[in-house]
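Here the structure comes first, spelled out in structure tokens, and everything after it is commentary.
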Amino acid sequence: MSEHAIKKRMARARRLAADDLRRAGYGIIETQGEPFSIIAVRISEARFVRVVVDEARTIDVHVCRQYSVPMNCVREVWVLGPRQRVFEIKSV
């Protein structure tokens, strides 16, 4: 798969994740850097989300674990596999 196709899939996955979180009532902050793709905020909670395509690698989980978040926040890796429309969500 070309680099362009991978970037296109990742952009689609990020857009789908942001849409899912908006429907759940979260405000969305999209980041362009590491370690998280999206920060979703609701009244008294926040979700730090790393969006990946195909499968969650060990490095994805490791990077999320290294980043400390406040007690009312969670770190998650959202995986969108090939030909899937629903994310597999892994809490870190």
Exercise. Can you tell me which residues in the range 46-62 are touching a residue at least 12 places away in the same chain (Cβ under 8 Å) and out of contact with any strand residue (DSSP E or B) (no Cβ under 7 Å at 6 or more places or on another chain)?
Worked result: ASP54
Problem set entry | Members of the range 69-92 found to be farther than 13 Å from GLU45 by Cα, part of a loop (DSSP other than H, G, I, E, B) and among the aliphatic types (A, V, I, L, M), listed by number | VAL86, VAL92
For this session: For the range 13-39, enumerate the residues that are surrounded by 12 or more Cβ atoms within 10 Å (Cβ to Cβ), without any contact (Cβ under 8 Å) to a residue 24 or more places away in the chain and over 18 Å from VAL63 (Cα atoms).
Result: ARG15, ALA18, ARG22, TYR26, GLY27, ILE28, ILE29
Exercise. Of ARG42, ARG57, ARG50, which residue is closer than 16 Å to ALA11 by Cα and among the basic types (Lys, Arg)?
Worked result: ARG50
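Laboratory data are not the source of any read-out in this text; all were calculated from the coordinates shown. From a predicted model like this one, the values you see are computed outputs, not experimental measurements. Positions of Cβ are generated from backbone atoms using ideal geometry, with glycine treated the same way; all protein chains shown enter the neighbour counts.
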